[in-house]
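All remarks here apply to the structure that follows.
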Amino acid sequence: MTKRIVAIEPTHSTPALLNTLLNQRLSEAVDLQMMLKQAHWNVKGSNFICLHQLFDSIYNSVVASVDQIAERIVQTGGIAEGTVRASAARSRLADYPLTLSEGPAHLEAVAKALTTFRHEVRNTVDEADEMGDAETADLFLGISRSLDKWVWFVEAHGHVPT
Ligand SMILES: [Fe+2]
C-alpha cells in the first residue's frame, strides 16, 4: 500500500503581511470601543436615555469584533497586540473630542469614527481576498455589515451632516 502525502493548503499566502494588517484593524477596534464608552458616559440632553443605551449597544458590538479580530490573528499564527497603549499608538481614527456633552455632538463624533473604521474594514475585506484568505475576508465582511447597521442607527437621528 502506497502512502499518499496530501499537502495542506495554507489559509493565506503572506502571514506576516496579514498579521500586520489585522493588528492595524485591532488597534482601531480597541480605540473605537472606548470612544463608544466616552459617548455613553458623557452624553446629556433630552434624548439622554436613548443615546446612552444606543452607545452602549454599539460598544458591545465593537467589543465582539475586537475579540474576533484578535482571535483571528492568533489563529493565523500571529500575536494579537491589543493593549490600550499599542492601540492608541497605531490607530488611524481621529481623536475623540473630550469636551462633548450634547447628544448631536456625540452622534456626529460617533458617526465619524464608525464610518472611518468601516472604510478601513472594507479595504481589509479586499486585501484579505487578494491574499487568498477567504475566512478573514468573510470575518471582516461581517464586521462591515454590522457597522452598516450602527451607522444607520446613528445617522437616523438626523444630526449627522451628510
Ligand atoms: Fe454604563
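FYI, it's all coordinate maths here, none of it is from the lab. What you see is a predicted model, and the numbers here were worked out from it, not measured in a lab. With ideal geometry, Cβ positions are generated from the backbone for all residues, glycine too; neighbour counts draw on all protein chains shown.
Lysine pairs, Cα distance under 23 Å, 8 or more residues apart or cross-chain: how many in the chain?
4
Taking one equal scatterer on every alpha-carbon of the stretch 33-162, how large is log10 of I(q)/I(0) by Debye at q = 0.09, 0.15 1/Å?
The Cα Debye sum returns log10 ratios of -0.28, -0.74.
Once each part is reduced to its C-alpha centroid, what is the distance from the stretch 120-145 to the stretch 21-67 in angstrom?
22 Å
If you line up the Cα atoms of the stretch 18-107 on their principal axes, what length do they span on each, largest first, in Å?
Ordered largest first, the stretch 18-107 gives principal extents of 49, 22, 15 Å.
With unit charges on the beta carbon (Lys/Arg positive, Asp/Glu negative), name the residue among Thr20, Trp41, Val74 whose Cα is farthest towards the positive pole of the charge dipole of the chain.
Positive-most Cα among the choices belongs to Trp41.
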